[in-house]
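The values are calculated or read from the model by the stated rules, or taken from the named source; none is laboratory data. Because the structure is a prediction, the values reported are computed rather than measured. Neighbour counts are summed over all protein chains in view; Cβ atoms, including those assigned to glycine, are modelled from backbone coordinates with ideal geometry. Protein only, heavy atoms only, side chains kept; ligands, DNA and RNA dropped before computing areas. Shrake-Rupley method; radii C 1.70, N 1.55, O 1.52, S 1.80 Å.
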Amino acid sequence: MGRFVIKPDRDVDFYVGWSTIVESIIWWGPRAEVLAYLAEDAPADPPEERLARADLNGSSAYNYKIDGGWEDEGFTYEQRGWLPRSLLVAACEALERDDEPAVWDLLEPFEEGMEVRRG
C-alpha cells in the first residue's frame, strides 16, 4: 500500500495520511475530515475499516508492525531526516502554515554527524 493512516496519539481525534512513495504527510485532521479524504482515496477496504485499524494499531497498514504501528517511533521524511512520531502533529501544524522549513527543523539526522537535508 502506498498510503496509510497514522494515529499519532491513542487519545486524540487526529489522523495523518502518510505516503510511502514520497515519504511524507499528505493530509491530516480529525476523524470526520479524514473520512472524506479516505472516501476519495478509493482503497480496497472501506474508510471506517482503515480508521478502526489505525485506532487499534496506530496505523491502518496491514503490516503495522513495520509501517507506523504504536511501537514505530518515527518515519523517514522525504529522505531528509527522521521525523519522530511525537512530532507528527507539530509537522502537520507547520504544513498547515505552509512552512516546510519548520518541518525540517523537527527532523533528526539519520546518523550522527550528518545534517538534515534542507531546501
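Quick one: compute the contact order of region 23-119, relative version, from alpha carbon pairs under 8 angstrom and 6+ residues apart, as a percent.
Averaging sequence separation for qualifying contacts and normalising by length gives 19 percent for region 23-119.
Rounded to the nearest 0.05, what FRET efficiency do E40 and R97 have when you use their Cβ-Cβ distance and R0 = 25 Å?
Efficiency computed from Cβ-Cβ geometry: 0.55.
Among (i) 37; (ii) 70; (iii) 29, only one was calculated for this model; which label is it, if the read-out is percent of Cα pairs over 22 Å apart?
Calculated percent of Cα pairs over 22 Å apart: the matching label is (iii).
Provide the solvent-accessible area of Y64, counting protein heavy atoms only and rolling a 1.4 Å probe, rounded to the nearest 10 Å².
The accessible area of Y64 comes to roughly 70 Å².
Once amide H atoms are placed 1.01 Å from N in the peptide plane, what residues at a sequence separation of 5 or more from I26, or on another chain, have their amide H within under 5 Å of its amide H?
G17, W18, S19
Gain in length, N63 to R10, computed as 0.36 nm per residue apart minus the alpha-carbon separation, to one decimal in nm?
In short, 17.2 nm is gained.
Just in region 25-119: which trypsin sites (Lys or Arg not before Pro) are loop by DSSP and have at most 14 other Cβ atoms within 10 Å? Display every interim value, and only then the final one.
Working: sites: R31, R50, R53, K65, R80, R85, R97, R117, R118; in loops: K65, R80, R97, R117, R118.
Qualifying residues, ordered by number: K65, R97, R117, R118.
Under a crude label model (7 Å from the Cα following the beta-carbon direction), how far is M114 from D55 in nanometres?
Taking the simple label geometry, M114 and D55 are separated by 3.7 nm.
Return a whole-number percent for the relative contact order of region 1-74, with Cα pairs under 8 Å and 6 or more residues apart as the contact set.
Averaging sequence separation for qualifying contacts and normalising by length gives 27 percent for region 1-74.
How large is the accessible surface of I21 in square angstrom, using a 1.4 angstrom probe and rounding to the nearest 10?
140
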